[in-house]
Structure formats: structure tokens, C-alpha cells
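Written out below as C-alpha cells is the structure these notes cover.
The values are calculated or read from the model by the stated rules, or taken from the named source; none is laboratory data. The structure displayed is predicted, hence computed values, not measured ones. Here the Cβ positions follow ideal geometry from the backbone for every residue, glycine too, while neighbour counts run over all protein chains shown.
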Amino acid sequence: MIFGMIPKHFPWMVWAELRKVYTRGSGIGALVIAALTPLATLGFMQWAAHTTMLQVGTGSLADSLYGPGHGLLNAVQCAGWALKARNFFVLPLFLLLSASSTVAGELAERTLREDLVRPIPRWSALAARIAGTGALAATTLVVTAALSFLPGLLLFGLPVDGSVPVDYPTVGHLALGYLASFASDVGLIAITVMLSLIVRSVGGVVVTLVLVLMADKVVYWGLEALNQAATIFKAPSLAFANDLVPWTLGNALGCWEGWQTAFEPMRFVALAVVTVAATAAAMARLSRMDVP
């Protein structure tokens, strides 16, 4: 069986992984990016709030982005923009490097075997590594949220009743967006760990996942084209394409994107399926493979 009784010393295994994850270059880089992203976002929003260089009609850029009187320029929007910037390629890449280093990197360096020769279930060694990288992802989200929302609160305040649309996102929506982003990060980590046990090199994992995501994007474009064709030519037989779009990997990992309007439940279902499948496949792979 892959899953057995949790070892009594499992918390110490997680603690050991946390020490490694937070001291590696990839972990430090992720924390730096998580801190710099909200600061850049604050700078842009301050500029947008005061600039008169870019005029749209009779209003400033902030008016065009947030409505007359800057009613939508507030801490919620600031933290939301920071979340989008945080999830744009660079920080996910550092999480990918961190997750692959803790498995593929240790396989290449022949240090993973030191854990596996101990009298512990093999799955627990993998679970501890996933937990350690997951904790790093959670920390980066907390850093981004704190360094964007709190300064945004001082600079712009919260949405004022009557100054924003009724369906405008609230602090609750924002919190759900950050939680959804954490779920997406865990999915990415699970996929990375699975690939690490197959490819066995950090560089190979990065290249493989990039190629997978590129292929997934091509599939997404194909499904969107079929969906457009179904609308234009009124072909019900092509309607299946619209149902498959949420199941593409990119859409599943991007489940957090609907926080401002409405989440798409199927994207979360797809993410859960991908995460569980990747984790189970990784643990099954490790239970059978010969670790040098």
C-alpha cells in the first residue's frame, strides 16, 4: 500500500524539508519576488491615481481604470493586482524549481536515498517534500497579500459603499482568490514532483513542464476554435469543446482567476483531479523505483 500509518516523526521530516526549502536559492528567490511584486503594484497604482499624462476623455488614467472619482482605487484592487502579478510566470517558476530541486535534485545528488533507507514508508518522504514546498507557496502568498493590502489600505482605503458597483469584489472575494491561488500552487507542485521522479533532473523537469504547458495551450486554442465554429455554423455536434476547455491544464491551474467575478467550479474539479492523480502517480512511482 502507498498510504500507511503516518510515522511519529513525520513532523520532524517536514521540519527538515522546510529548512532546506527556505535556504535554497529557489526558495529565497520566491520570497524576494513575493515581496517585490506588491511594491511594484503599489508604485503603479500610485502613479495611476495621480498621473495626468495619460488622459482618457476628460479624466485621468485612474478614472478610466477605476471609474470617475477613483472610487474603485482601493486596497482590494491593489492586492488583486498584486496576486495577478505574483502568478505571472516568474514566481511559479521559482516554485517549480524548488519542488524539482527537493526531489529530482536530490535524486541526481544521490541524497534522497539517505531518507529512503530509514524504516519509514516511502510515501512519507515524498509527502514531507510536498508539504515543505507547499509551505513556501503559502508564505509567498501571505507576503504578497500583506505587502499589498496593508499599504493599499493606508494609501487608498477600502471600497466605500455607494462608490462602487454592488457586485464589486470585496475582501472576502480577495481572500478566496488567494486561497484558490494556493490550491493552484499545490497542483503545480504535485505535477512537478511527479515529473521529477520520471525525468530525474531539475532542468529536464522545467523543460518537460514548459513543453507540456505549450502543448496544453495548443489544445486550448483548438477547443476554442471548435467552440467558435459551433457558434458560427450552429453545429451542436461541436458543443463538446466548450465543456472540455475547463479541463485543460492551464485552465485548471488558473482556477484563481475568477475571484473578481465568479469562480468556475469545473476548473476546481479539474485541478483536484490533476493534483490527486499526480500525487498518487508520484507515490506509486517512488514505491517501485530503484533509488541509487
request  = Would you mind stating whether A79 is over 30 Å from H9 (Cα atoms), at pLDDT 85 or above and surrounded by fewer than 22 Cβ atoms within 10 Å (Cβ to Cβ)?
outcome  = no
query = With respect to P169, is the statement that it is touching a residue at least 60 places away in the same chain (Cβ under 8 Å), outside any helix (DSSP H, G or I) and under 24 Å from the mean Cα position of the chain (by Cα) true?
reply = yes
ask   = How many residues does segment 121-136 contain that are under 16 Å from M289 (Cα atoms) and either among the polar types (S, T, N, Q) or not in a helix (DSSP H, G or I) (or both)?
value = 2
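Residue-wise test of (1) at pLDDT 90 or above; (2) within 21 Å of V142 (Cβ to Cβ); (3) not small (G, A, S).
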{"position": "K20", "(1), (2), (3)": "yes, yes, yes"}
{"position": "I28", "(1), (2), (3)": "yes, yes, yes"}
{"position": "Q46", "(1), (2), (3)": "no, no, yes"}
{"position": "V56", "(1), (2), (3)": "no, no, yes"}
{"position": "G59", "(1), (2), (3)": "no, no, no"}
{"position": "D63", "(1), (2), (3)": "no, no, yes"}
{"position": "P68", "(1), (2), (3)": "no, no, yes"}
{"position": "L83", "(1), (2), (3)": "yes, yes, yes"}
{"position": "G105", "(1), (2), (3)": "yes, no, no"}
inquiry  = With the requirement that a residue be aromatic (F, W, Y) and modelled with pLDDT under 90, what does segment 249-259 give you?
reply    = W259
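Would you tally the residues in segment 207-248 being outside any helix (DSSP H, G or I) and either at pLDDT 95 or above or surrounded by 12 or more Cβ atoms within 10 Å (Cβ to Cβ) (or both)?
Counting residues in segment 207-248 that are outside any helix (DSSP H, G or I) and either at pLDDT 95 or above or surrounded by 12 or more Cβ atoms within 10 Å (Cβ to Cβ) (or both) gives 2.
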key: Count - residues of segment 32-45 that are surrounded by fewer than 17 Cβ atoms within 10 Å (Cβ to Cβ) and in contact with a helix residue (DSSP H, G or I) (Cβ under 8 Å, 6 or more places away or on another chain)   = 4
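Could you check, for segment 260-276, whether at least one of its residues is touching a helix residue (DSSP H, G or I) at 6+ places or on another chain (Cβ under 6 Å), closer than 25 Å to A104 by Cα and of a type in the set (A, V, I, L, M)?
Yes, some residue in segment 260-276 is touching a helix residue (DSSP H, G or I) at 6+ places or on another chain (Cβ under 6 Å), closer than 25 Å to A104 by Cα and of a type in the set (A, V, I, L, M).
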task = Test M214 against the criterion of being closer than 28 Å to T144 by Cα and without any contact (Cβ under 8 Å) to a residue 60 or more places away in the chain, and give yes or no.
result = yes
key: In segment 114-144, residue farthest from V14 (Cα to Cα) [restricted to those that are at pLDDT below 90, buried (at least 16 other Cβ atoms within 10 Å of the Cβ) and of a type in the set (D, E, K, R)]   = R122
ask   = Checking V117 against (1) within 27 Å of L36 (Cα to Cα); (2) out of contact with any helix residue (DSSP H, G or I) (no Cβ under 8 Å at 6 or more places or on another chain); (3) aliphatic (A, V, I, L, M), which single condition isn't satisfied?
value = (1)
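Would you confirm whether or not segment 277-285 contains a residue that is within 21 Å of G132 (Cα to Cα) and charged (D, E, K, R)?
The answer is yes; a qualifying residue exists.
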task = Out of L147, L176, L155, report the one residue that is crowded, with 17+ Cβ neighbours inside 10 Å and either modelled with pLDDT of 85 or more or under 24 Å from L31 (Cβ atoms) (or both).
result = L147
request  = Filter segment 94-116 down to residues that are assigned to a helix (DSSP H, G or I), without any contact (Cβ under 8 Å) to a residue 12 or more places away in the chain and within 15 Å of V202 (Cβ to Cβ), then give me how many there are.
outcome  = 1
task = Sort out which residues of segment 89-115 are of a type in the set (S, T, Y) and within 15 Å of I198 (Cα to Cα), and write them in order of number.
result = S100, S101, T102
note = Within segment 203-248, the residues that are β-branched (V, I, T) and within 23 Å of A99 (Cα to Cα) are V205, V206, V207, T208, V210, V212, T248
